[in-house]
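In what follows, a single structure is set out as structure tokens and then discussed.
The values are calculated or read from the model by the stated rules, or taken from the named source; none is laboratory data. Since this is a predicted model, take the numbers as computed values, not measurements. Here the Cβ positions follow ideal geometry from the backbone for every residue, glycine too, while neighbour counts run over all protein chains shown.
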């Protein structure tokens with residue numbers, strides 16, 4: 001005869017119940033983890049783009065030569081170069097790690113922006129990053145004011 005008080009271990013029903021609860025909790029939190037990771041990637045990408053745009057103004061003033069900010073929508077690459085495109089000062093690829101943004105997630109209002117040594121540009125620029133409902137915008141004025149929205 002077996003006593004209930006001397007039982008060791010868990011029954012199969014208790015194990016299955018625990019596994020089902022763990023599975024439900026994991027599936028609920030997986031969506032949140034993906035959203036947080038996406039949001040952090042967009043924040044990092046927008047900060048890097050803002051830094052690159054600000055650096056273009058500093059480079060133009062320091063070198064006393066026009067600097068060009070170009071966007072390659074096929075390769076998802078932003079470049080800060082001299083006007084001729086021979087010297088690369090900065091190159092940021094948004095399609096690869098650590099950002100991993102798809103082609104439709106990044107939009108530039110104009111593919112090329114020239115920054116002159118006097119501190120002005122030939123136009124304004126709006127960069128929009130969006131993925132899974134999270135959107136970050138970077139607005140650049142002709143005078144070099146860079147704002148994240």
task: Give just the number: which of (1) closer than 16 Å to residue 48 by Cβ; (2) modelled with pLDDT of 90 or more; (3) under 14 Å from the mean Cα position of the chain (by Cα) does residue 95 not satisfy?
output: (2)
Residues that are closer than 13 Å to residue 108 by Cα and touching a residue at least 60 places away in the same chain (Cβ under 8 Å), drawn from region 51-97: 53
message: Every residue in region 124-136 that is modelled with pLDDT under 95 and outside any strand (DSSP E or B), please.
response: 132, 133
- request: Give the residues of region 46-78 that are in contact with a helix residue (DSSP H, G or I) (Cβ under 9 Å, 6 or more places away or on another chain) and on the phi < 0 side of the Ramachandran plot, sorted by residue number.
  value: 65, 66, 67, 68, 69, 73, 74, 78
message: Taking the criterion of being under 28 Å from residue 121 (Cβ atoms), surrounded by 12 or more Cβ atoms within 10 Å (Cβ to Cβ) and in contact with a strand residue (DSSP E or B) (Cβ under 6 Å, 6 or more places away or on another chain), would at least one residue in region 27-41 satisfy it?
response: no
query: What tally of residues in region 92-113 results from selecting those that are farther than 13 Å from residue 127 by Cα and loosely packed, with under 13 Cβ neighbours inside 10 Å?
result: 5
- prompt: Can you pull out the residues in region 117-130 that are closer than 14 Å to residue 141 by Cβ and crowded, with 16+ Cβ neighbours inside 10 Å?
  reply: 121, 125, 127
message: Going by what's in this entry, would residue 117 be described as in contact with a helix residue (DSSP H, G or I) (Cβ under 6 Å, 6 or more places away or on another chain) and more than 30 Å from residue 32 (Cα to Cα)?
response: yes
message: For region 137-149, give me each residue that is surrounded by 15 or more Cβ atoms within 10 Å (Cβ to Cβ) and not in a loop (DSSP other than H, G, I, E, B).
response: 138, 139, 140, 146
message: Among the listed residues 18, 30, 26, 58, identify the single one that is assigned to a helix (DSSP H, G or I) and under 30 Å from residue 144 (Cβ atoms).
response: 58
